[in-house]
Amino acid sequence: MRVLMTITPGTGHTYPMVPLAWALQLAGHEVMVASCGPGLALGEAGARTVDVAPGLSLDQMVGKLAQNHPEVAAKLLQEASGVPYLEVVGGAVAAALRLQPEMVDAVIRTAEEWRPDIVVHSPLLTPGIVAAAKLGVPAVQHGFGFVNPSAEMMSQLHADLFEEHGVSLPEARATIDITPPSVVPTEPGMWSMGFVPYNGSGPLPKPLYDLLNRRPESPRIAVTLGSGPVPGEAAVILERILASAPKTDAEFVVVLPRVDLEPFGPLPENVHAFDWVPYSALLAGCSAVIHHAGPGTALGAMVHGLPQVMPAFKGLGRPVVAQAIADRGLGRIAQPDDIGPELLESVIADASIREASAEVRAEIKAMPTPLDIVTRLEELAGA
């Protein structure tokens with residue numbers, strides 16, 4: 001069976017799809033990835049890749065959207081008023097794709113040339129759906145956690161692309177949902193799959209290796225606020241954490257890729273900062289995590305059964321993720337002024353949070369594996 005994976009060029013969209021790519025190849029199937037920028041990370045994980053837009057990344061797509069349609073981009077960074085979040089983000093993605101016609105055409109052309117038996121696509125990536133429709137093969141959405149936009153919604157928001165190619169939605173469709181059902185109930189017809197962490201290739205930095213091999217005398221807290229710059233509210237959160245660290249009976253490991261920490265002044269003795277680390281390896285040696293409510297970060301914390309503290313960020317779906325985690329009892333949402341020793345120590349000591357986190361960790365282990373999903377893909381494609 002030939003499987004084409006079409007992936008939005010962002011790490012948060014790419015990394016969750018790696019375990020399924022592994023499982024497909026382990027089962028003897030061919031996998032081709034059509035993406036660009038960070039979406040090509042599957043090549044490092046062993047898949048064949050086609051660069052459909054050399055040099056293009058999700059950050060650049062968002063930047064071009066902000067330049068050409070600032071009113072659309074602004075909605076992503078604030079709470080939508082009276083408009084469902086998925087409709088806001090779906091409309092923004094459709095608008096961003098219209099600004100990248102070469103990339104859209106290249107995804108569809110790659111599918112027509114390679115002739116896959118099934119297309120597995122990122123959420124919201126309508127070129128993958130259109131390609132499957134043109135070839136008459138199933139289209140399977142691979143979720144990245146917590147929110148699952150429907151193909152029906154995208155076919156309406158990006159109707160011009162479907163009309164251009166003279167197709168409608170493929171009859172054979174499915175959605176893979178990697179969120180534990182007790183956190184976000186799986187909608188009827190969706191396929192649950194247990195989350196398998198993947199955070200890129202490369203060795204552990206020696207300082208992190210030494211740190212993780214040392215048993216901490218106090219709880220160790222991981223801190224991550226995303227993979228980009230730390231502007232605005234995120235900078236305020238980081239300042240609060242650094243100010244609280246000397247007063248907190250804990251050790252902090254701050255991970256902020258591409259961020260210059262010099263403006264924040266000398267780091268407290270109990271704070272260790274890294275540009276990038278294998279996130280899952282770090283969490284395996286931690287007692288709790290403070291994070292920006294990114295889906296992959298939250299799911300990684302669940303895999304390790306860690307209590308979670310989420311600053312109250314706005315936009316980009318973060319409130320949706322944070323609220324789902326808090327409702328399940330896995331952690332707390334915190335206003336910037338609330339972040340301090342009392343909050344952090346109380347979350348770590350909270351027996352109900354630890355119990356809920358252990359339950360969800362066990363739930364993930366019991367969910368269908370990527371190999372189980374391969375069997376369902378074979379059935380759907382008639383392979």
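The values are calculated or read from the model by the stated rules, or taken from the named source; none is laboratory data. If you're wondering where the values come from, they're calculated on a predicted model, not measured in any experiment. Cβ atoms come from the backbone with ideal geometry, glycine included; neighbour counts cover every protein chain shown. The accessibility values were calculated without ligands, DNA or RNA, using every heavy atom of the protein model including side chains. Shrake-Rupley method; radii C 1.70, N 1.55, O 1.52, S 1.80 Å.
Keeping all protein chains in place, calculate the accessible area per residue for the chain (probe 1.4 angstrom), answer in Å². Can you show the working numbers first?
Details: 16190 Å² over 383 residues.
Result: 42 Å² per residue.
A 1.4 Å probe, protein heavy atoms only, puts the accessible area of Glu355 near 110 Å². Taking amide H atoms as placed 1.01 Å from N in the peptide plane, the amide H of Met5 lies under 5 Å from those of Met32, Val33, Ala34, Val120, each 5 or more residues away in sequence or on another chain. Farthest toward the positive end of the dipole of the chain, out of Ser346, Gly28, Leu256, is the Cα of Gly28, where the dipole comes from beta carbon charges about the Cα centre. Amide H contacts of Glu251 (H built 1.01 Å from N, in plane; Pro and chain starts excluded): Arg220, Ile221 sit under 5 Å, all sequence-distant by 5 or more or on other chains.
About its Cα centre, how strong a charge dipole does the range 120-259 have in debye, to the nearest 20, once Lys and Arg get +1 and Asp and Glu get -1 at the Cβ?
It comes to approximately 640 debye.
Phi angles across the range 182-196 convert, under the Karplus curve 6.51 cos²θ - 1.76 cosθ + 1.60 with θ = phi - 60°, into 3J(HN,Hα) values of 6, 8, 9, x, 6, 6, x, x, 7, 9, 6, 9, x, 6, 10 Hz, Gly and Pro given as x.
Taken about its Cα centre, the range 234-383 carries a charge dipole of about 280 debye when Lys and Arg each add +1 at the Cβ and Asp and Glu each add -1 at the Cβ.
When the dipole is taken about the Cα centre of the chain, and only Lys, Arg (+1) and Asp, Glu (-1) are charged at their Cβ, what size is it in debye, to the nearest 20?
420 debye
Surface composition of the chain: carbon plus sulfur atoms hold 53% of the accessible area, using a 1.4 angstrom probe and ignoring ligands, DNA and RNA. Matching the structure-derived Rg and Dmax of the Cα atoms in Å against the labelled list (1) 19.8, 65; (2) 20.8, 64; (3) 23.9, 73 gives the label (2).
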